[in-house]
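Student: Quick one: this structure, given as structure tokens, is what I'll be asking you about.
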Amino acid sequence: MPSALQQLIRARRSIRRFKPDPVEKEKLLSCLEAARLAPSAENAQPTRFLIVDDPELRSELAREAFSGIYSMTKFATQAPVLVVVLARLDILVHKIGRRLQGTQFFLVDIGIAGEHFVLRAEELGLSTCWIGWFNVRRTRKLLRIPRKYKIVCLIAIGHAASRPPSETKRKPLEEIAWFNKIGE
């Protein structure tokens, strides 16, 4: 029998239709707390979250972020909350990792923290969608985000108006993982 965590992971979907209902601040704080507890390279904790839940500012952000060539993500204008996920770029361990290994560890750290955020949201009955296709320049300007932060993604969050089917097609495990040597 799958554990509660496995059930949660199987149930979580990227939602693109949201009800206009507001999201309770306590639930947002709980999602942020889950993200805060995420591990990071050398415990550098580069992830920052800017919650945009003021209806007027959120509408303005949606207009700026999802227009023109970014209109394919216009569905996010329905979400009652948009979360701007940021990274501190001035962390020494990340600079060293990028130079020595070619790995941008802040992206790994943000992925972990962001997944903690969205899984906690799912557990609380909220729905989310990670968004990478948006106008970063206009988002930065509108929200007056200093250059020391890199805007990595947005997360739309709210109550789902509809949900895709429970099971989406995934590659079989033996196609994505191997033991002791790369499979063919």
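Student: Can you confirm whether segment 50-58 contains a residue that is surrounded by 13 or more Cβ atoms within 10 Å (Cβ to Cβ), in contact with a Lys or Arg (Cβ under 6 Å, 6 or more places away or on another chain), modelled with pLDDT under 95 and within 20 Å of Lys148 (Cβ to Cβ)?
Tutor: no
Student: If we keep just the residues of segment 26-49 that are assigned to a helix (DSSP H, G or I) and of a type in the set (Lys, Arg), which is farthest from Pro146 (Cα to Cα)?
Tutor: Looking at the filtered set, the residue picked out is Lys27.
Student: Which one of Val108, Val152, Val83 is at pLDDT below 95, closer than 22 Å to Ser30 by Cα and not in a loop (DSSP other than H, G, I, E, B)?
Tutor: Val108
Student: Being touching a Ser or Thr at 6+ places or on another chain (Cβ under 6 Å), of a type outside the set (Asp, Glu) and outside any loop (DSSP other than H, G, I, E, B): is that true of Ala113 here?
Tutor: Considered against the rule, which asks whether it is touching a Ser or Thr at 6+ places or on another chain (Cβ under 6 Å), of a type outside the set (Asp, Glu) and outside any loop (DSSP other than H, G, I, E, B), Ala113 comes out as yes.
Student: Just give me the residues in segment 142-152 being over 14 Å from Phe66 (Cα atoms) and either in contact (Cβ under 8 Å) with a residue 40 or more places away in the chain or hydrophobic (A, V, I, L, M, F, W, C) (or both), in sequence order.
Tutor: Leu143, Ile145, Lys148, Tyr149, Lys150, Ile151, Val152
Student: Scan segment 92-105 for residues that are part of a helix (DSSP H, G or I) and modelled with pLDDT of 75 or more and report the count.
Tutor: Of the residues in that region, 1 qualify.
Condition check ((1) in contact with a Leu (Cβ under 7 Å, 6 or more places away or on another chain); (2) in a strand (DSSP E or B); (3) in contact (Cβ under 8 Å) with a residue 60 or more places away in the chain; (4) closer than 24 Å to Tyr70 by Cβ) across all residues:
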residue: Arg120; (1), (2), (3), (4): no, no, yes, no
residue: Trp130; (1), (2), (3), (4): no, yes, yes, yes
residue: Trp133; (1), (2), (3), (4): no, no, yes, yes
residue: Ile157; (1), (2), (3), (4): yes, yes, yes, yes
residue: Pro164; (1), (2), (3), (4): no, no, yes, yes
residue: Lys169; (1), (2), (3), (4): no, no, no, no
residue: Ile182; (1), (2), (3), (4): no, no, no, no
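The values are calculated or read from the model by the stated rules, or taken from the named source; none is laboratory data. Small disclaimer: the values here were computed from a predicted structure and weren't measured. Every residue, glycine as well, gets a Cβ built from its backbone with ideal geometry; the counts of neighbours run over all protein chains shown.
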